[in-house]
Amino acid sequence: MLLPRASGAAGRASPPLAALSQVLRLERSRRTAIVFPLQKLERYLAPGTDTAPFRLFQPGLPALQRAEALFRSDRGHPIDYVSSAVRMDHAPPPALPEVCFIGRSNVGKSSLIRALFSLAPEVEVRVSKTPGHTKKMNFFKVGKYFTLVDMPGYGYRAPQDFVEMVEAYLQERHNLKRTFLLVDGVVGLQKTDHIAVEMLEEFGIPYVMVLTKIDRASRGLLLKNVLEIQEFVKDNTQGCFPQLFLVSAVEFSGVHLLRGFVAHVTGNLPTVEAS
């Protein structure tokens with residue numbers, strides 16, 4: 001769950017590797033693994049495997065730096081908590097392009113959002129050890145550029161009115177540019193994830209799958225889950241972006257690339273040159 005900091009609170013220090021400038025000090029192979037974790041798996045693919053879905057979104061360093069600037073707050077570019085809502089009539093006006101993050105309880109959603117906002121010291125993200133901590137839709141305004149919405153988790157300890165809340169949001173929020181569906185990279189797609197996919201497909205909502213906690217999965221297990229989910233996306237979806245995004249909120253793997261994709265889908269990184 002994301003909460004606003006109290007006024008005048010001292011900014012926390014950014015964690016290691018939160019900024020691209022820190023990643024660029026690493027040796028090349030380590031740097032690539034942090035920025036493009038999906039590419040790290042390519043070398044272990046069987047001959048003849050289609051690698052196109054591994055490189056659909058592969059921006060160069062200048063594009064990633066422009067995206068990072070959106071997530072770095074300053075006086076001229078505040079990143080603010082706007083409000084929380086349980087009903088759409090409590091949601092802020094849909095004035096900016098919007099993205100929402102949704103996933104199973106305990107998938108690591110709050111940890112990932114905290115990593116994305118780690119360069120914005122005025123935004124506090126509380127990560128609970130208890131699954132299902134987020135009970136409302138939490139709206140965060142990123143300057144004049146876009147809004148990010150932290151949705152309640154589904155499955156275990158989901159809010160009682162979860163379905164009504166989320167369905168209304170997805171159907172009525174016309175400024176929604178992309179839904180980020182978080183899937184546990186260790187266990188892969190679960191039954192509740194399939195239900196979420198069916199809902200997004202039914203409503204015609206463009207979405208992308210993000211595999212979390214990749215630091216906890218062995219290389220073999222992660223590769224197995226990636227290939228199975230890519231096959232599922234290819235055969236069973238129409239609205240899902242074919243490339244998966246792999247992230248670790250602990251090691252910051254994939255976080256910089258995900259910032260870039262958020263900037264891209266909200267229209268703030270319209271031209272993305274390849275690396």
Against the definition (touching a strand residue (DSSP E or B) at 6+ places or on another chain (Cβ under 9 Å), open to solvent by less than 10 Å² (accessible area, probe 1.4 Å) and assigned to a helix (DSSP H, G or I)), how does ILE195 come out, yes or no?
no
For the stretch 93-106, state whether one or more residues are in contact with a Leu (Cβ under 6 Å, 6 or more places away or on another chain), open to solvent by less than 30 Å² (accessible area, probe 1.4 Å), of a type in the set (Gly, Ala, Ser) and in contact (Cβ under 8 Å) with a residue 24 or more places away in the chain.
yes
Looking at the stretch 50-69, is at least one residue open to solvent by less than 10 Å² (accessible area, probe 1.4 Å), closer than 30 Å to GLU122 by Cα and among the charged types (D, E, K, R)?
no
State all residues of the stretch 198-217 that are open to solvent by 10 Å² or more (accessible area, probe 1.4 Å) and either under 15 Å from GLU228 (Cα atoms) or over 13 Å from the mean Cα position of the chain (by Cα) (or both); if no residue qualifies, say none.
GLU198, MET199, GLU201, GLU202, PHE203, GLY204, ILE205, PRO206, ILE214, ASP215, ARG216, ALA217
Would you point out the residue of the stretch 70-81, among those that are out of contact with any Asp or Glu (no Cβ under 9 Å at 6 or more places or on another chain) and in a strand (DSSP E or B), that is least open to solvent (accessible area, probe 1.4 Å)?
HIS77
If only one of PHE232, PHE180 is hydrophobic (A, V, I, L, M, F, W, C) and surrounded by fewer than 22 Cβ atoms within 10 Å (Cβ to Cβ), which one is it?
PHE232
Here are some conditions: (1) touching a Leu at 6+ places or on another chain (Cβ under 7 Å); (2) in a helix (DSSP H, G or I); (3) open to solvent by 50 Å² or more (accessible area, probe 1.4 Å). HIS256 meets all but one. Which one does it not meet?
(3)
For the stretch 74-113, which positions are basic (Lys, Arg), more than 17 Å from ASP184 (Cα to Cα) and modelled with pLDDT of 90 or more?
ARG75
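The values are calculated or read from the model by the stated rules, or taken from the named source; none is laboratory data. Please read all numbers here as calculations on a predicted model, not as lab measurements. Heads up, the Cβs are rebuilt from the backbone with ideal geometry, glycines too, and the neighbour counts pull from every protein chain shown. For the accessible areas, the whole protein counts, side chains as well, though only heavy atoms, and no ligand, DNA or RNA atoms are used. Shrake-Rupley method; radii C 1.70, N 1.55, O 1.52, S 1.80 Å.
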